[in-house]
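K.L.:
A single structure is presented below for examination.
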Ligand SMILES: CC(=O)SCCNC(=O)CCNC(=O)[C@H](O)C(C)(C)COP(=O)(O)OP(=O)(O)OC[C@H]1O[C@@H](n2cnc3c(N)ncnc32)[C@H](O)[C@@H]1OP(=O)(O)O
């Protein structure tokens, strides 16, 4: 049993870091992964042992982990998972405790659970947490007895058999050493080790020099890897001229990485051999795993399990491999024979085929690479791991991702939002849902999904070519300070095209541009015009468009014109060029067409805008009571009023009635005047249908309205007090497959619905997010008093959105929520109708891969 003897870094929810002293289990299990969160309200911590982590996907198989918080932990003993737990959000279930956890599975015997509790209690004590509650699921009767043995009290027993155990912890002197600003990087460290091995064992390199393994061995050597390369071969004494060994450990040197190209059946033996040699990373190139069917999937799971038990991270299987062009490490453990030159771009490709294309295209365009990972079937290492690694990697300035599916999309969105602040992330990802479906179903359509990416700071592109178009620009040029473009060229046709392309990308042509030097201008004039644009305070970015001179017209060659460009590369404004050779001349990205050049600039300008935008803060609003919200959900999931009230959202009361008499009685209670609404199922746009009567001031008017309405729409009606008129708005909350809960805002009415005029933001919503959301729908000018209308209280709408976002963040059982209509007035708002859909349990993570 290994004990933890290094300090543990803890990432707090506010981004700061604390360090916990080591936990030394006497002979207890290792706590391998433990996630939690600290905040004012909810004191969670998230900490890791220095042991390799169980990948999130594995956790999710065992644990009902709420993706949003990752509050889960796993206990390993002897390499086996013996207990898996998750943290509950504090408020709802155990409001009076500061930390709660749920033990879901501890089937491997007595004692484990109690040791686990000791550790957790210890951690809580160190964190100065005063009260601690454990929840034990009914299947674990043995655990309950164990806890009882330790004197924990049964605090509450629920009808479903769940028991809450309670044990007070006297707060002791906090041993937390707060190191703000330093981020926890366990994952990043394990990836760093994988990309910078001291020695490499290669499994599956044929002595004949043929086949995949031999090719890998060749690539490793050709790239100039300076550490030991050890071919592991069952019988040969040498492979490709290198001494080969039947077992990696026999070579005697430090082996950090195993590159594997053996058939899936042999993988188990390879893992054991590599582990015995001390390897901490596996790059499995072999195909025949999950992509090949259930048997392969089982083999893949076995591979991942064996690797993790031995403390190894796994890249692949069925992948192209990993590469590092670092100063000290030249590593090409990929099937691609030639790597691009060293550079500042980290490339992740889920697909091997696209990875090959990306590498080849990057080489062709002269785009330098810092490191490359193709994750294939992603048995362990995923794009999210790489995001975390590159965030801190000093060799990487730009992150380029090719993604097909996401194991954990919410984590991606959150990570990207964070990382995008320091390094741009360019991603090619499949659409969230096929085009055309957006307007019909609930939730954001493709356009909105693109906007959601943009709000996460991710530059989303549509093609592999564009991935590199943008990558090249980011890697070589500064970000634009604004959207004003100085177009300089030697052809009016091309500069005109560039101006049109700018408009299409939301860029503006700067005043005095395009500057057309004409077809007879020489390179010197071209250079002067570019220099003038670069010096122009009204210009944020330059587009240089160049048409090759007709033969005999000029003595200057295309190369002379190319040479004119570097001048601009020295200024602090990005320049893109067209019609020059495909390579990057002196750092100025060149594109085959004006449209491509301007589109890349447009994407980068949008990212620069995002960076300039203040991220805002999460407002601490009064009248928010998550515990009351949870209680409301428990009492009746279909009545949203209590749930909303717990988040400070008041819904105008509405009383159901089935007869004129009942309606009149309701009106008397609510107070005149009232509105009468048909309550039949499936009725939408009731006002348009005549199924709403407003301003009924007395009983005769009410009875008349009831008689007319019930004749058409049936006996069921709702009686509501009249509220002052306002602009009808709609607020929605839905689960998006890529972003988790997202809050939507739009104006009411059939027209805006038909046009899909809704703006969306992922949860949690900051004050800035909410204010932007209110202003974003195309119909939003109506809220500002368009054409003589009266401006409404947009701050109240923004606050409502923040409250809905908070509700979504707190209550994972809420699947969807609609407030429609919300009447916005100059002096506040009224929520007239609310529907909520609640799941039986917290949204369970989808274990299968999801399209982005
Ligand atoms: C573009 C993309 O899609 S990404 C790339 C995805 N990956 C791929 O496409 C790879 C596809 N290919 C495969 O999966 C192959 O089946 C592989 C790599 C697993 C096996 O390739 P083969 O060439 O058939 O391997 P083969 O069985 O001949 O073995 C090669 C050598 O490994 C040796 N070997 C076999 N088992 C072991 C082992 N456990 N340890 C060490 N060496 C071993 C063999 O003895 C043989 O050497 P020899 O010829 O000197 O005797």
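The values are calculated or read from the model by the stated rules, or taken from the named source; none is laboratory data. Every value quoted in this text rests on a predicted model; they were computed, and no experiment measured them. With ideal geometry, Cβ positions are generated from the backbone for all residues, glycine too; neighbour counts draw on all protein chains shown.
K.L.:
Determine the pairs where a residue that is at negative phi and not assigned by TED's automatic domain parsing to the domain that holds residue 275, located within the stretch 211-234, has a partner that is away from the ligand (no atom under 16 Å from the Cβ) and at pLDDT 95 or above with Cβ atoms under 8 Å apart, the partner being 6 or more residues away or on another chain.
P.N.:
Final answer for the pair search is none.
K.L.:
Scanning the stretch 184-218 for residues that are out of contact with any helix residue (DSSP H, G or I) (no Cβ under 7 Å at 6 or more places or on another chain) and modelled with pLDDT under 55, which turns out farthest from the ligand (Cβ to nearest atom)?
P.N.:
So the residue we want is 184.
K.L.:
Return the residue satisfying two criteria in turn: it lies in the stretch 301-314 and is surrounded by fewer than 22 Cβ atoms within 10 Å (Cβ to Cβ) and under 19 Å from residue 273 (Cβ atoms), and of such residues it is farthest from the ligand (Cβ to nearest atom).
P.N.:
311
K.L.:
Right, next: Of 268, 288, which residue is within 14 Å of the ligand (Cβ to nearest atom), free of Cβ contacts under 8 Å to residues at least 40 places away in the same chain and part of a loop (DSSP other than H, G, I, E, B)?
P.N.:
Among 268, 288, only 288 is within 14 Å of the ligand (Cβ to nearest atom), free of Cβ contacts under 8 Å to residues at least 40 places away in the same chain and part of a loop (DSSP other than H, G, I, E, B).
K.L.:
Let me confirm something: among 750, 717, which residue is crowded, with 20+ Cβ neighbours inside 10 Å and either outside the structural domain of residue 693 (by TED's automatic domain parsing) or more than 15 Å from residue 828 (Cα to Cα) (or both)? If you could, list the steps in order and put the result at the bottom.
P.N.:
Details: 750 fails: crowded, with 20+ Cβ neighbours inside 10 Å.
On inspection, the qualifying residue turns out to be 717.
K.L.:
Hey, does the stretch 546-564 have a residue that's buried (at least 22 other Cβ atoms within 10 Å of the Cβ) and under 39 Å from the mean Cα position of the chain (by Cα)?
P.N.:
no
K.L.:
Kindly indicate whether residue 263 is within 12 Å of the ligand (Cβ to nearest atom) and surrounded by fewer than 16 Cβ atoms within 10 Å (Cβ to Cβ). Give the steps one after another, and end with the answer.
P.N.:
Values: within 12 Å of the ligand (Cβ to nearest atom): yes; surrounded by fewer than 16 Cβ atoms within 10 Å (Cβ to Cβ): yes.
The answer is yes for residue 263.
K.L.:
Can you work out which of the residues in the stretch 219-230 that are assigned to a helix (DSSP H, G or I) and touching a strand residue (DSSP E or B) at 6+ places or on another chain (Cβ under 6 Å) is nearest to the ligand (Cβ to nearest atom)?
P.N.:
Checked the stretch 219-230; the qualifying residue nearest to the ligand (Cβ to nearest atom) is 219.
K.L.:
Can I ask one more? Cβ-Cβ below 8 Å, separation at least six or inter-chain, first residue in the stretch 300-321 and not assigned by TED's automatic domain parsing to the domain that holds residue 202, second within 15 Å of the ligand (Cβ to nearest atom): which pairs?
P.N.:
If the second residue must be within 15 Å of the ligand (Cβ to nearest atom), no pairs are left.
K.L.:
From the list 337, 394, exactly one residue is within 16 Å of the ligand (Cβ to nearest atom), surrounded by fewer than 24 Cβ atoms within 10 Å (Cβ to Cβ) and at pLDDT 85 or above. Which is it?
P.N.:
After ruling out the rest, the residue left standing is 337.
K.L.:
Only one of 376, 355 is within 13 Å of the ligand (Cβ to nearest atom), buried (at least 24 other Cβ atoms within 10 Å of the Cβ) and at positive phi; which?
P.N.:
Details: 355 fails: at positive phi.
None of the others qualify; the one that does is 376.
K.L.:
So, in the stretch 693-714, of the ones that are more than 12 Å from residue 663 (Cα to Cα) and surrounded by fewer than 17 Cβ atoms within 10 Å (Cβ to Cβ), which residue ends up modelled with the highest pLDDT?
P.N.:
697
K.L.:
Right, here's the next one. Kindly list the number of the only condition in (1) modelled with pLDDT of 85 or more; (2) exposed (fewer than 15 other Cβ atoms within 10 Å of the Cβ) that fails for residue 644.
P.N.:
(2)
K.L.:
Okay, next question. Could you grab me the full set of residues in the stretch 271-285 that are more than 8 Å from the ligand (Cβ to nearest atom), closer than 12 Å to residue 310 by Cα and not in a loop (DSSP other than H, G, I, E, B)?
P.N.:
If the condition is that a residue be more than 8 Å from the ligand (Cβ to nearest atom), closer than 12 Å to residue 310 by Cα and not in a loop (DSSP other than H, G, I, E, B), then 271, 272, 274, 275, 276, 281, 282 are the ones that fit.
K.L.:
Ok, one more. Just to be sure before I move on: is residue 298 farther than 24 Å from residue 190 by Cα and more than 11 Å from the ligand (Cβ to nearest atom) in the structure I sent?
P.N.:
Criteria met by residue 298.
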